[in-house]
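Reading through the structure tokens given below for one structure.
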Amino acid sequence: MKILAGNSNRPLAEAIADHLNLPLTRADVKRFSDEEIWCEIQENVRGEDVFVIQSTSYPANDNLMELLVMLDALRRGSARRITAVMPYFGYARQDRKSGPRTPISAKLVANLITVAGADRVLTMDLHAGQIQGFFDIPLDNLFASPVLTSDIRNKFDGQKLVIVSPDVGGVARARSVAKRLDAELAIIDKRRPQAGVSEVMHVIGDVKDAACILVDDIVDSAGTLCNAAGALKERGASSVAAYVSHGVLSGPAVERIANSPMSEVVTSDSIKASDAVRDCAKIRQLPIAPLMAEAIRRISEEKSVSVLFD
């Protein structure tokens, strides 16, 4: 087995390699002066089981192209099996036609990864589960909930706890976390009465005097989370925190979180933290290297990965 790292999240790749007691495979991934990507694998990979660790986070297009170039290099180097390990799968929010003449970019990315040479894909908390069906190769979709719920249990032990879905679409995810923690469930129903009128937040469930935990898969600009936190505080929540699988945290996200009523936003380290994220006292990352490393080991040894879902 060999572990190859792209440039999107080198610290995570190194942590995964440490858990597997393996060195990262030596490779040179560079850019020409016009930003064209070039890759050279500096070790023999013929007949090897190779895992390429690369999140397609910001800059999404550069990191995706890096992944495709590395997959092609491994395929042409006669690797026996190539697994694209994508802790964060970018373009997952474009999983259907949202209007006339719009793309299904998640399917396009699935095709690109397959054609580039991947034999299977390992990812975590896909934004939409149906993306698994976009691939004609095996895909393992891990869940961050065991990592997140363990931290919630340690931090909020003994408190009245309510798990909150920030929108109707995330109810199944929030219900799963609430079941693990034996906690109550609440839902934020977000509506815009008419064009140009601000959104109205309806809270479905009793949150008064409770420690509320917002659960989501992606936090991008953080507008939804911050608005939801305000609505929960207005309805008597004693505290509000958020646990999110992927911290995209683009644009004004960090500033919004710093000025929000949330005590903390906790994400996994599937996406490398920017300087602004690291400097924000309200944002914390949880390591997923042990989870990803165990999945990689099980795939390499042809063992079940589904036991990691529990």
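The values are calculated or read from the model by the stated rules, or taken from the named source; none is laboratory data. On a predicted model such as this, the values are computed, not experimentally measured, just so you know. Here the Cβ positions follow ideal geometry from the backbone for every residue, glycine too, while neighbour counts run over all protein chains shown. Protein only, heavy atoms only, side chains kept; ligands, DNA and RNA dropped before computing areas. Shrake-Rupley method; radii C 1.70, N 1.55, O 1.52, S 1.80 Å.
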If exposed means GluC sites (Glu not before Pro) lying in a DSSP loop and surrounded by at most 16 other beta carbons within 10 Å, then the longest stretch of the chain lacking such sites spans residues 44-198
Straight-line reach check, residue 107, cutoff 15 Å on alpha carbons, 8 or more apart in-chain or any other chain, hits among aspartates and glutamates -> 95, 136
Any aspartates and glutamates whose Cα falls less than 17 Å from that of residue 303, other than same-chain ones fewer than 8 residues away, would be 49, 119, 140, 294
Here the Cα Rg-to-2.2 N^0.38 Å ratio for the chain is 1.04
Carbon and sulfur atoms account, in whole percent of the 1.4 Å probe accessible area of the chain, for 48 percent
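Over the stretch 7-51, what per residue volume does the convex hull of the Cα atoms give, in whole Å³?
87 Å³
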Stretched fully, the stretch from residue 264 through residue 42 gains (0.36 nm per residue minus C-alpha distance, one decimal, in nm) 75.7 nm
In whole percent, the Cα-Cα distances of the stretch 45-170 spread across 5 Å bins from 0 upward as 2, 10, 17, 19, 16, 12, 9, 7, 5, 2, 1, 0
Mean-square fluctuation maximum in Gaussian network of the chain, Cα pairs under 10 Å, restricted to 271, 296, 41, hits 41
Here the stretch 127-142 yields Karplus 3J(HN,Hα) values (6.51, -1.76, 1.60; θ = phi - 60°; whole Hz; Gly and Pro given as x) of 4, 9, x, 5, 4, 4, x, 6, 9, 9, 10, x, 9, 10, 10, 6
With the stretch 149-228 reduced to its Cα atoms and the Debye formula applied, log10 I(q)/I(0) at q = 0.23 1/Å amounts to -1.11
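Given the pairs 155/208; 233/282; 155/233; 2/30; 2/272; 155/179, which are separated by over 25 angstrom at their Cα positions?
Table pairs above 25 Å Cα-Cα: there are none.
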In order over the stretch 84-101: 3J(HN,Hα) from phi, Karplus 6.51/-1.76/1.60, θ = phi - 60°, whole Hz, x for each Gly or Pro, gives 7, 9, 10, x, 10, 9, x, 6, 5, 6, 9, 9, 7, 6, 8, x, x, 6
For the chain the mean separation of alpha carbon contacts under 8 Å (6+ apart) over residue count, i.e. relative contact order in percent, is 14 percent
Scoring the stretch 6-86 by relative contact order with C-alpha pairs under 8 Å, at least six apart, yields a percentage of 33 percent
Computed over the Cα atoms of the stretch 65-133, the Rg and Dmax in Å are 13.0, 42
quick note, the chain, DSSP beta bridge pairs, % antiparallel (nearest 5) is 20 percent
With -39,500 (n - 2.57) per DSSP H segment of 4 or more residues and division by the full residue count of the chain, the 222 nm estimate, nearest 500 deg cm²/dmol, is -9500 deg cm²/dmol
Candidates 236, 158, 223; GNM for the chain (alpha-carbon contacts under 10 Å) flags as most fluctuating 158
